[in-house]
1. Please find, within the range 256-309, the residue that is surrounded by the fewest Cβ atoms within 10 Å (Cβ to Cβ) out of those that are among the aliphatic types (A, V, I, L, M) and closer than 15 Å to F334 by Cβ.
2. For residues in the range 218-236 being surrounded by fewer than 21 Cβ atoms within 10 Å (Cβ to Cβ) and either hydroxyl-bearing (S, T, Y) or more than 26 Å from E173 (Cα to Cα) (or both), which is modelled with the lowest pLDDT?
3. Among helices (runs of 4 or more DSSP H) lying entirely in the range 364-420, which contain 3 or more residues that are open to solvent by less than 50 Å² (accessible area, probe 1.4 Å)?
4. Residues of the range 154-187 being within 21 Å of the chain's Cα centre (by Cα) and farther than 18 Å from E112 by Cα, which ones?
5. Hey, can you tell me all the residues within the range 390-435 that are on the phi > 0 side of the Ramachandran plot and without any contact (Cβ under 8 Å) to a residue 40 or more places away in the chain?
6. Consider the range 49-79. How many of its residues are part of a helix (DSSP H, G or I) and in contact (Cβ under 8 Å) with a residue 40 or more places away in the chain?
7. Within the range 14-39, which residues are open to solvent by less than 60 Å² (accessible area, probe 1.4 Å) and either out of contact with any His (no Cβ under 9 Å at 6 or more places or on another chain) or assigned to a strand (DSSP E or B) (or both)?
8. Is it the case that the range 12-25 has a residue that's of a type in the set (D, E, K, R) and within 29 Å of A326 (Cα to Cα)?
Amino acid sequence: MTDFFKGIKPVKFAGPKSKNLLAYRYYNKDEIVLGKRMEDHIRPAIAYWHTFAWEGGDPFGGRTFDRPWFGPTLDHAKLKADIAFELFDLLDAPFFCFHDRDIAPEGETLAESNKNVRAIAEIFRRKMEKSRTRLLWGTANLFSNRRYMAGAATNPDPDVFAYAAAQVKNVLEITHELGGENYVLWGGREGYETLLNTRIGPEMEQMARFISLVIDHAKKIGFQGQILIEPKPQEPSKHQYDFDVATVYGFLKKYGLEKEVKCNIEVGHAFLAGHSFEHELALAASLGLLGSVDANRNDLQSGWDTDQFPNSVPETALAFHQILKAGGLGKGGFNFDAKVRRQSIDPADLLHGHVGGLDVLARSLKAAAAIIEDGTYDRIIDERYAGWQEKEAQAMLSGKRSLEQIAKRVEKENLNPQPCSGQQEYLENLINRFV
């Protein structure tokens, strides 16, 4: 044990009346909700990058955190791994997620970089033998190094494409070896800044080929997890090819990959795309793309992805309702893609962020479950669409009626449908009773 979290005791469930700010008040991992343990619904994970690799900088200032593992050597990375698992154990976290560049320093060559990553992965393997924390997903950082300034899979230089593919191969194999349940393709710079130097068609073809290579290799090594794309609009590229769920689906459908890949959906990214988190979840579920979730929130008065911990039960409850109605996240989970504020410099702040976030998720889950168990909301929605279950409506929908036949029936039966209330205010008030 290191002394970084010296004096901090493991976080336990203490109940809603607890005055202990480093205790779970609502997150009781073994509580049964809709027939399943709370932890198995949420499947929370800690993000290695924000929690351990972020230095507290912003566009106008550099590092504010003074962490003992900040440094360029493999020894620093080993210390970071030690402290990471101490935090996992203190929070009783079932999962974590990482990029390769979060966990180990980059070397002079890819072989050296991969060797460094494997050295830390071996430390993870040994620690996971003694800890209950498992790997939710891994991914490769294909955006920080200057070689990726024009993208990775979509780069105009085929050698950059090849380098990125080799980097992903290593992380995919490590994810598999560590028992990871998902692999995320995060296209941080898969887009363009100006059309003056861009050919969109070839870049899209390159990205499709890249994803196909990953899918093929995953099958070759026996990886049984999900391959996920994380939709990400606007930043850092002005035009991202993975802008939102709808864009990703259109891309996957074009290249015949829609059965092979799902989405990892982030709250902040949904907001930057002009959507709600609830919308992206509902659309992904309807398209069969709901894979996993990044839990966070944006500052609504800032124009970038601020990655704050979730703290709105009403918003998150509606998201959970979509997830529960879709049958849950399966192999996915709620990864806290969130970071403490740059002024939150104490070790305890890392725990407070996750404790508060988990309590919000727990309250949201129970609220969503109560909405489902009550049944009123779902019954109203069912009634709104009930007409489509009738024989003639089903005939139109299934293609058994031509436009001419439909028109003749309207005239013959003298149809004159009248609008019904959408009941938005009533439904808003109804939902507020549960949150």
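1. Once the filter is applied, the top-ranked residue is A270.
2. Top of the filtered list is E235.
3. Values: elements: 376-384, 391-397, 403-412.
Of the helices (runs of 4 or more DSSP H) lying wholly inside the range 364-420, those with at least 3 residues that are open to solvent by less than 50 Å² (accessible area, probe 1.4 Å) span 376-384.
4. If the condition is that a residue be within 21 Å of the chain's Cα centre (by Cα) and farther than 18 Å from E112 by Cα, then T175, H176, L178, G179, G180, E181, N182, Y183, V184, L185, W186, G187 are the ones that fit.
5. If we filter the range 390-435 for residues that are on the phi > 0 side of the Ramachandran plot, which is where we start, we get 399, 414, 423.
If the condition is that a residue be on the phi > 0 side of the Ramachandran plot and without any contact (Cβ under 8 Å) to a residue 40 or more places away in the chain, then G399, N414 are the ones that fit.
6. 9
7. A14, G15, S18, A23, Y24, Y27, N28, K29, E31, V33, M38, E39 - these are the residues of the range 14-39 that are open to solvent by less than 60 Å² (accessible area, probe 1.4 Å) and either out of contact with any His (no Cβ under 9 Å at 6 or more places or on another chain) or assigned to a strand (DSSP E or B) (or both).
8. yes
The values are calculated or read from the model by the stated rules, or taken from the named source; none is laboratory data. Keep in mind that this is a model prediction, so the values were computed, not measured. Glycine gets a Cβ as well: all are built from the backbone with ideal geometry, and neighbour counts include every protein chain shown. Each accessible area value is taken on the protein alone, full model and side chains, heavy atoms only, with ligands, DNA and RNA left out. Shrake-Rupley method; radii C 1.70, N 1.55, O 1.52, S 1.80 Å.
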